[in-house]
1. Quick check, is D45 over 16 Å from P132 (Cα atoms) and open to solvent by 50 Å² or more (accessible area, probe 1.4 Å)?
2. Can you run down the residue pairs with Cβ atoms below 8 Å, 6 or more apart or on separate chains, where the first is in region 105-130 and within 19 Å of P58 (Cα to Cα) and the partner is part of a strand (DSSP E or B) and of a type in the set (G, A, S)?
3. When both residues are 6+ apart or on different chains and their Cβ atoms are under 7 Å apart, which pairs have a first residue that lies in region 74-85 and is under 13 Å from P132 (Cβ atoms), and a second that is among the small types (G, A, S) and in a helix (DSSP H, G or I)?
4. Just need a number here: residues in region 25-42 that are of a type in the set (A, V, I, L, M, F, W, C) and open to solvent by 50 Å² or more (accessible area, probe 1.4 Å).
5. For region 48-64, which residues satisfy the criterion of being open to solvent by less than 50 Å² (accessible area, probe 1.4 Å) and assigned to a helix (DSSP H, G or I)?
6. Go through region 1-47 and count every residue that is modelled with pLDDT of 80 or more and part of a loop (DSSP other than H, G, I, E, B).
7. Quick check on A75: is it open to solvent by 70 Å² or more (accessible area, probe 1.4 Å) and either of a type in the set (A, V, I, L, M) or assigned to a helix (DSSP H, G or I) (or both)?
8. Before we move on, is S87 within 21 Å of V20 (Cβ to Cβ), open to solvent by 30 Å² or more (accessible area, probe 1.4 Å) and assigned to a loop (DSSP other than H, G, I, E, B)?
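The values are calculated or read from the model by the stated rules, or taken from the named source; none is laboratory data. Bear in mind the structure is a predicted one, so any value in this text is a computation, not a measurement. Quick reminder, even Gly has a Cβ in these numbers, built from the backbone with ideal geometry, and neighbours come from all protein chains shown. To get the accessible areas, we keep the full protein, side chains included, count just its heavy atoms, and leave off ligands, DNA and RNA. Shrake-Rupley method; radii C 1.70, N 1.55, O 1.52, S 1.80 Å.
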Amino acid sequence: MRQSLSKNSGGGRSAGRAVVVAIALSLVLAVAAIIDQTGGHSLTDHTDAVYRSSGKQPSAALLYGLVYTVAVIDAVLWLLVLGVARSHRLPASALAVTVIVITAGLALLLLASSEYDARIFPPLWGTLAILPAVAGILATVFLLRRAPEQR
């Protein structure tokens, strides 16, 4: 009995850690955007090149705002999963799957958004945005691996 409890609590800790990693990776996206906005400007340089042929000027505030919005939504959703996972593993698993779909969808929007036959966001931004969903998949695996009598 003691071994099965330690396995379950270890799985619970592993799931919690994986969710914390998903939260941290959401914040990494925001920090990367802050660093780029204040110094690197790789996002605005890329979009300036995309829009140059059309004669339009993209809004840097809108571009970075979209990245910040994705990061904040991701972090809030994973915080919700973390809160539910502490008390209810099975509902947390279902919630985690839902959050994975949402966060991956947001990342795919960053990866696939295009205009004038060019991607608006460089692949780096979509890649950074998909990382929380990847950590969430790991968390979901840990949440689902609990013994059936413990669910």
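1. Details: over 16 Å from P132 (Cα atoms): yes; open to solvent by 50 Å² or more (accessible area, probe 1.4 Å): yes.
Here the answer is yes, as D45 does meet what is asked.
2. As it stands, the answer is I120/S114, since those pairs meet every condition given.
3. Matching pairs, first to second residue: D74/S26; A75/S26; W78/A22; W78/S26; W78/G136; V81/A92; V81/A96; L82/G16.
4. First pass over region 25-42, keeping only residues of a type in the set (A, V, I, L, M, F, W, C): 25, 27-35.
Those still in the list that are open to solvent by 50 Å² or more (accessible area, probe 1.4 Å) too: 27-28, 31, 34-35.
Residues flagged as of a type in the set (A, V, I, L, M, F, W, C) and open to solvent by 50 Å² or more (accessible area, probe 1.4 Å) within region 25-42 amount to 5.
5. If we filter region 48-64 for residues that are open to solvent by less than 50 Å² (accessible area, probe 1.4 Å), which is where we start, we get 48, 50-51, 54, 58, 60, 63-64.
Across region 48-64, the qualifying residues are D48, V50, Y51, A60, L63, Y64.
6. So the answer is 1.
7. Details: open to solvent by 70 Å² or more (accessible area, probe 1.4 Å): no; either of a type in the set (A, V, I, L, M) or assigned to a helix (DSSP H, G or I) (or both): yes.
No: the conditions fail for A75.
8. Details: within 21 Å of V20 (Cβ to Cβ): yes; open to solvent by 30 Å² or more (accessible area, probe 1.4 Å): yes; assigned to a loop (DSSP other than H, G, I, E, B): yes.
Yes.
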